[in-house]
Amino acid sequence: MTTVPTSTAGVVAERRVPGGRAGSPSGRRPGRPRAEGHDERILDAAVALLERGEEVTVTRVVERSGVSRAALYRRWPSMTDLVAEALDRGREPYAIPLTGDLLENLLAAFSPAAQAAGRSYPEERFRLRMRLAMTDRRLAQAYWRSHVARRRGALVAVLQAGIERAILRPDVDVDACIDLINGVFYYQYVVRGVALDDPGTTARCHEAVRVAWRGMSVDAG
């Protein structure tokens with residue numbers, strides 16, 4: 001038994017649903033073959049509801065997508081998981097080169113050009129995700145498990161490469177340092193309310209990352 005949500009700011013409260021399974025659609029169990037296009041239609045419907053400021057309910061998703069309730073339940077164990085995936089629509093994993101200057105490679109990965117290249121994730125959706133996550137802890141946790149955690153790999157690789165090259169201290173807490181680096185950029189969005197493609201914002205973020213890098217370095221202090 002798993003759950004399906006209802007209500008705070010776009011996500012609906014949970015009710016029990018038989019046969020649900022954890023994880024995203026890619027983790028499905030063997031069974032009847034999936035109808036092509038169902039995942040996309042369900043996600044498109046959820047995104048449209050979110051961007052219109054409407055509650056994402058099973059009934060509304062089914063009506064907008066034309067997909068059956070049974071098909072929806074087979075793909076997402078709860079509406080919280082569906083909303084988390086819909087909010088991530090358009091985001092792509094990124095890689096950071098591990099050759100050359102690691103710090104400069106890291107800064108380049110967080111430059112406006114790199115953020116824009118080949119990506120279709122609107123700023124409005126990012127801000128919507130932040131707003132919903134701050135009012136619904138279950139949604140924030142589902143988004144972390146399914147989407148955020150898996151994208152930290154590039155930063156983990158850069159920091160581990162720095163440790164292996166004796167650039168960064170061997171006792172560096174990699175997870176804490178990643179939170180610190182990401183926090184620099186989230187602060188600009190959430191607290192300052194600025195766009196990350198603003199040159200002044202980019203310069204401020206890059207300088208903050210350099211400060212953090214110096215603190216991680218073997219010659220710190």
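Residue by residue through the stretch 161-182, note down the ones that are part of a helix (DSSP H, G or I) and either closer than 14 Å to Leu107 by Cα or touching a helix residue (DSSP H, G or I) at 6+ places or on another chain (Cβ under 7 Å) (or both). Once the filter is applied, which keeps residues that are part of a helix (DSSP H, G or I) and either closer than 14 Å to Leu107 by Cα or touching a helix residue (DSSP H, G or I) at 6+ places or on another chain (Cβ under 7 Å) (or both), the stretch 161-182 yields Ala161, Gly162, Val174, Cys177, Ile178, Leu180, Ile181, Asn182. Consider Glu40 carefully, then state whether it is within 20 Å of Met134 (Cα to Cα) and at pLDDT 85 or above. No: the conditions fail for Glu40. Note down all Cβ pairs under 8 Å where the first residue falls in the stretch 91-114 and is closer than 21 Å to Arg204 by Cα, the second is part of a helix (DSSP H, G or I) and basic (Lys, Arg), and they're at least six residues apart or on different chains. Matching pairs, first to second residue: Leu103/Arg210; Leu107/Arg210.
Leu87 - would you say it is closer than 26 Å to Arg150 by Cα and modelled with pLDDT of 95 or more? Taking the combined requirement at face value, the residue does not satisfy it.
The values are calculated or read from the model by the stated rules, or taken from the named source; none is laboratory data. Bear in mind that the values here come from a model prediction, so they are computed numbers and not experimental data. Glycine gets a Cβ as well: all are built from the backbone with ideal geometry, and neighbour counts include every protein chain shown.
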